[in-house]
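I have placed the structure first, in the form of structure tokens, so that the comments after it can refer back to it.
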Amino acid sequence: MTHMNATLNPAVKPVEANPKATLESVGVRNPVTSARPASSFPVGYHDLHPDISINFQLNRFYGWAGDDSMLTEMREAAAGVQDYPTFTKIFLELGDKALARHETLKGAYFLRLAEFFLFTKDPRKLPTRQRFVDLLLGHFQIPSSACSRIPYGSGWLPAYRLTPAQPKGTFVVFGGYDSYIEEWLPAALFFRDAGYDTILFEGPGQGASLELAHLTMSPEWEKPVKAVLDFFRLDAVTLMGFSLGGCLAMRAAAFEPRVRRVIAYDICTKFLECFVRSMPAQAQKQLLDGIHASNEGAVNTFFASAMAKSLLFDWATQQGMHITGLTTPYAMMKHYQQYATADISPLVTQDVLLLAGAEDHYIPVHELPDQIATLTHVRSLTARLFTRAQQAQNHCQIGNMGLAFRVILDWMEGLGPIEGPTPC
């Protein structure tokens, strides 16, 4: 998910913490059952750049690599950089230098950080994306036998299955608006090593399904979930979506009974609200009034003006139209209205876990009680609000992902095995 703040925001000061703290130091066990153990996850949200959006992405990809030297390198490299072309050039070079030193994980996430901010039509984008994917698969020794292409519509969905010797259950995970599922491999190995048959996939509008199979995003997420469950012949799973996936997971659970437990990591009840959240109040009102009045001309004019003034807004708008396959900002915004959970939440009957960050700069914290209020027929409901004191106040708990994973694992194990036939 992107952030719409077009100016630097030095008033936002992320919390510093012990950069050497790891998964184990916050009580998260990390059992090792494979030749290459799952990664540990550092604790601490660091002040690396004054722009809230760039700072979040720097912390995000550091959190996956967990290499402390990245903090110094990123802080020094990004200092004073306020435009994307310079930023991407610097981080492509950092990635190449790290790879030349055989620092594979660091180099891979530097490349991903650079690629994240490349425009969709930049000829470097797809080759850099593929380098990142190949580096991650090689580093974590993911065999080709673990990779699948699931037929779907006019294309296919990529999936990875990581299975322990004696699985406790099946855990199916997908991402959100702008992630690649390979980013999540360190976490997938953690859950695999904790005993869960772990399946990662990308649906329409995500990763390889978008860039290689040319499938654009749809809110009808029960359809790709059905395709995945059918392909692997699964009849009882725990389903989790992260970021925008927290909205999509609720939709899938409402219409797919083979989903027996569902996790929103984090909650997302109104994507359109999240998309416009960081705009000034007057700009929000102007844009939303145009959308609700179906004033296509006014909305497109608003975007044209904003895109001319802000490189970030220009990038985010182009990225959004690429993901949705739509050709105008107005069509994109009307499409985003469909990503909401209020109408379908009463249909959810499973065990549900909701996660949220108290200071998530994408998703307003009020969406947590909003989501709770509409889940009126669930089997059980557990909610967790992560705070600054835990270094987990941010979107998807960037700063302490290990804590979030511990909460998820404890919740699944606390419910015990999924038993009995899937209800009709």
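Points to keep in mind about this one:
- Electrostatic tally near Asp266: other residues with Cβ closer than 11 Å to its Cβ, Lys and Arg +1, Asp and Glu -1, net -1.
- Taking trypsin sites (Lys or Arg not before Pro) across the stretch 187-268, the ones in a DSSP loop with at most 14 further Cβ atoms lying within 10 angstrom of their Cβ are Arg233.
- Split the accessible area of the stretch 173-260 by element, probe 1.4 Å, and carbon with sulfur accounts for 49%.
- For Thr341, nonlocal amide neighbours, meaning residues 5 or more places apart or on other chains whose placed amide H falls under 5 Å from its own, do not occur.
- Of the DSSP H helices in the chain, not one has a Cα length along its own long axis of 30 Å or more together with a mean Kyte-Doolittle hydropathy reaching -1.0.
- Chain lengthening between Lys121 and Asp68 when straightened (0.36 nm per residue, less Cα-Cα): 15.8 nm
- Residue by residue, the stretch 176-184 carries 3J(HN,Hα) couplings of x, 7, 9, 9, 10, 5, 5, 4, 8 Hz when phi is fed to the Karplus relation 6.51 cos²θ - 1.76 cosθ + 1.60 (θ = phi - 60°); x denotes Gly or Pro.
- Per residue value of the accessible surface for the stretch 55-194 (all protein chains in place, 1.4 Å probe), Å²: 37
- Fluctuation leader among Thr170, Thr86, Thr216 - the chain, Gaussian network, Cα springs under 10 angstrom: Thr86
- Phi angles of the stretch 203-219 translate, via the Karplus equation with coefficients 6.51, -1.76, 1.60 and θ = phi - 60°, into HN-Hα couplings of x, x, x, 10, x, 5, 5, 7, 6, 10, 9, 6, 9, 8, 5, 9, x Hz per residue; Gly and Pro are given as x.
- Lysines with Cα under 26 Å of Lys121, excluding same-chain neighbours fewer than 8 positions away: Lys89, Lys97, Lys106, Lys309, Lys334
- Take every Cα pair under 8 Å whose residues are at least 6 apart in sequence, average their separation, divide by the length of the stretch 153-291, and the relative contact order is 23 percent.
- Structural descriptor for the stretch 346-406: relative contact order 42 percent, calculated from alpha carbon pairs under 8 angstrom and at least 6 residues apart.
- Neighbour-limited loop hits for trypsin sites (Lys or Arg not before Pro), the stretch 49-103 (at most 16 other Cβ within 10 Å; DSSP other than H, G, I, E, B): Arg101
- Mean accessible surface per residue for the stretch 239-369, computed with a 1.4 Å probe while every protein chain stays in place, in Å²: 34
- The stretch 343-353 - phi-based ³J(HN,Hα) in whole Hz, Karplus 6.51/-1.76/1.60, Gly and Pro as x: 6, 9, 4, x, 7, 7, 10, 8, 6, 10, 10
- The stretch 167-256 shape via C-alpha gyration tensor axes, a/c threshold 1.5: oblate
- Distant-in-sequence amide H partners of His361 (H built 1.01 Å from N, under 5 Å): His395
- Restricting the stretch 282-384 to trypsin sites (Lys or Arg not before Pro) in coil, as DSSP defines it, with at most 12 other Cβ within 10 Å: Arg379
- As a fraction of the 1.4 Å probe accessible area of the stretch 357-401, surface on carbon and sulfur atoms comes out at 60 percent.
The values are calculated or read from the model by the stated rules, or taken from the named source; none is laboratory data. Please read all numbers here as calculations on a predicted model, not as lab measurements. A quick note on method: Cβ atoms are made from the backbone with ideal geometry, for glycine too, and the neighbour counts reach across all protein chains shown. Ligands, DNA and RNA are stripped out before the accessible areas are found, and what is left, the full protein with its side chains, is counted by its heavy atoms. Shrake-Rupley method; radii C 1.70, N 1.55, O 1.52, S 1.80 Å.
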